[in-house]
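One structure is given here, and the rest of the page talks about it.
The values are calculated or read from the model by the stated rules, or taken from the named source; none is laboratory data. None of the values given here were measured: they were computed from a predicted structure. Quick reminder, even Gly has a Cβ in these numbers, built from the backbone with ideal geometry, and neighbours come from all protein chains shown. All accessible areas refer to the heavy atoms of the entire protein, side chains included, with ligands and DNA or RNA removed. Shrake-Rupley method; radii C 1.70, N 1.55, O 1.52, S 1.80 Å.
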Amino acid sequence: MSTPTAPTYRRFFPQLEGMRAVAALGVLTTHVAFQTRAVQWPVLGPVLGRLDLAVALFFALSGFLLWRPHAAAARRPGLGRPGVRRYLRHRFVRIWPAYALVVVVVLTLLPQARGASAQVWLANLTLTQVFVPLTLAPGLTQMWSLSVEVAFYLLLPVLGGALLGLRGPRAHLRIPVLTGLGLLSLGWAWVASALPLADGVEPKNWVVGHLPWFLAGLLLAELTAAVELTRHPSRRLRRWAALSANRPLMLAVFVIAYGLACTPLAGPTGLGTLSDGAYLGKIVLGAIAAYALLAPLVCAAGPFRFLDSPLMTALGRWSYGIFIWHLAVLTSVFGVFGIPAFNGHFVEVWLITVLITVAVSAASYAFIEDPCRRALLNRERRRAEPVPLPAPGHESVVPGTPSQGKPSYGKPSYGKPSYGKPSYGKAGQGKAMQAPPEP
């Protein structure tokens, strides 16, 4: 929206494809920096190490894109509430097939991960690593955040149902309620420390502890829906939207938040003990940084020439593959190219890892992700098409099923928001509700 009173409700944000690519490359870069000891460089080292906050950006993107239908339906019932079954089907198809292939390849072929126990296999294939001790395998350690992402997918319909009463005239209460939930979750570090759990289980990596990162996106979804779909949005909302659309202001907020996150306020970069206070600092600063990066992209009209460029759009399509494959590629690069790990060569390792990862990710998208998505969509279209009425005097018989003596109509899905439908495809279509990979 170019002004806080934009009259249309946008369903597609092509610039978010490019930002998704930025987040994926940020995660890749921070892992390369850690495994080449670049995180120990003065000044630049902490900046590279704190790129793990790209996960906060991933979570905020998920929160924004997946919450948009809920925020819209609360203000315009005619837009329709998202169907839970369809949403879960799309999330499963979007996430699991390509992910399962990575798990099988890594645990079967990667020397550092071969010989994993049945428990490691099961935890990784079911994305429950954060709940099962000592199951983060080499080449797959970044998947803790995908485990958190999947937990958020399951939590989101529950949260949507809990706020069903805040619709229409009461929709203005949704933002304060979500803000309160975020503030409440900031105490999770101290709760987690008191839980009697088995050694090796880190409850700080559960979805409750990272809710503020997701809520940064949920609040933006509520803000944009309130401004775009409310007949007379309050002056406070319009002012908030205008500030969020201000690129120089949001850039300054991001730089300050990220700079503070590079200090001991957010704990050490890389491995190290994270105190409860440092965990709180990292979560708060990560949420602020993610909001500041995302807000101008959804509250301003653009243009966003870099993020909308063909290169960034392509990388955005492949961003999920970049996330799930890059650590296996990075681990292999050291052995294949004879480069010792934790012994420098950051630029060389980064370039090789990026080139191979992007190639593998493009193949993953072309041969796994996109075919699975298209198969699901085609199946839904076939189910949505009504069976033609039989000619008078003839029965309509479907092979393999008894004739019911009446036409059989598929369940229509048109007219509902395309909730959970992946956005990877042609950016110009403008009909699909984007759905993230989440990381």
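Across the range 261-274, a minimum of one residue is classified as in contact (Cβ under 8 Å) with a residue 12 or more places away in the chain, open to solvent by 10 Å² or more (accessible area, probe 1.4 Å) and not in a loop (DSSP other than H, G, I, E, B).
Collect the residues in the range 110-135 that are without any contact (Cβ under 8 Å) to a residue 40 or more places away in the chain and under 18 Å from Trp96 (Cβ atoms), keeping them in residue-number order.
First, the residues of the range 110-135 that are without any contact (Cβ under 8 Å) to a residue 40 or more places away in the chain: 113-129, 135.
Residues satisfying the conditions are Val120, Trp121, Leu122, Ala123, Asn124, Leu125, Thr126, Leu127, Thr128, Gln129, Thr135.
Taking first residues from the range 82-93 that are farther than 17 Å from Leu159 by Cα and without any contact (Cβ under 8 Å) to a residue 12 or more places away in the chain and partners that are of a type in the set (A, V, I, L, M) and open to solvent by 30 Å² or more (accessible area, probe 1.4 Å), no Cβ contact under 6 Å between residues at least 6 apart in sequence or on separate chains turns up.
Please work out if Glu228 is buried (at least 19 other Cβ atoms within 10 Å of the Cβ), farther than 13 Å from His70 by Cβ and of a type in the set (Asp, Glu).
On the way: buried (at least 19 other Cβ atoms within 10 Å of the Cβ): yes; farther than 13 Å from His70 by Cβ: yes; of a type in the set (Asp, Glu): yes.
Answer is yes for this residue.
Scan Arg75, Arg85 and give me the residue that is modelled with pLDDT under 95, closer than 18 Å to Leu164 by Cα, crowded, with 19+ Cβ neighbours inside 10 Å and of a type in the set (D, E, K, R). I'd like the intermediate steps shown before the answer.
Numbers: Arg85 fails: crowded, with 19+ Cβ neighbours inside 10 Å.
Answer to the check: Arg75.
Residue count for the range 81-127 satisfying the condition of being of a type in the set (A, V, I, L, M), at negative phi, part of a loop (DSSP other than H, G, I, E, B) and in contact with a Ser or Thr (Cβ under 8 Å, 6 or more places away or on another chain): 1. All conditions but one from (1) in a helix (DSSP H, G or I); (2) open to solvent by 70 Å² or more (accessible area, probe 1.4 Å); (3) at pLDDT below 95 apply to Ala189; the one that does not is (2). The set of residues from the range 326-360 being under 26 Å from the mean Cα position of the chain (by Cα), open to solvent by 70 Å² or more (accessible area, probe 1.4 Å) and of a type in the set (A, V, I, L, M) comprises Leu351, Leu355. Looking at (1) in contact with a Cys (Cβ under 7 Å, 6 or more places away or on another chain); (2) on the phi > 0 side of the Ramachandran plot, which one does Gly200 not meet, given that it meets all the others? Only one criterion in (1) in contact with a Cys (Cβ under 7 Å, 6 or more places away or on another chain); (2) on the phi > 0 side of the Ramachandran plot is unmet by Gly200, namely (1).
Please verify whether the range 294-315 includes one or more residues that are aromatic (Phe, Trp, Tyr) and within 30 Å of Leu101 (Cβ to Cβ).
Within the range 294-315, the subset aromatic (Phe, Trp, Tyr) is 304, 306.
Subsequent filtering for residues that are within 30 Å of Leu101 (Cβ to Cβ) retains none.
No, there is no match, as no residue in the range 294-315 is aromatic (Phe, Trp, Tyr) and within 30 Å of Leu101 (Cβ to Cβ).
Looking at this structure, is Leu66 part of a helix (DSSP H, G or I) and buried (at least 21 other Cβ atoms within 10 Å of the Cβ)?
On the way: part of a helix (DSSP H, G or I): yes; buried (at least 21 other Cβ atoms within 10 Å of the Cβ): yes.
Here the answer is yes, as Leu66 does meet what is asked.
Of everything in the range 286-310 that is part of a helix (DSSP H, G or I) and open to solvent by 20 Å² or more (accessible area, probe 1.4 Å), the residue that is nearest to Arg239 (Cα to Cα) is Tyr291. Only one entry of Val27, Val47, Val43 meets the criterion of being open to solvent by less than 40 Å² (accessible area, probe 1.4 Å) and over 26 Å from Pro303 (Cβ atoms), and that entry is Val27.
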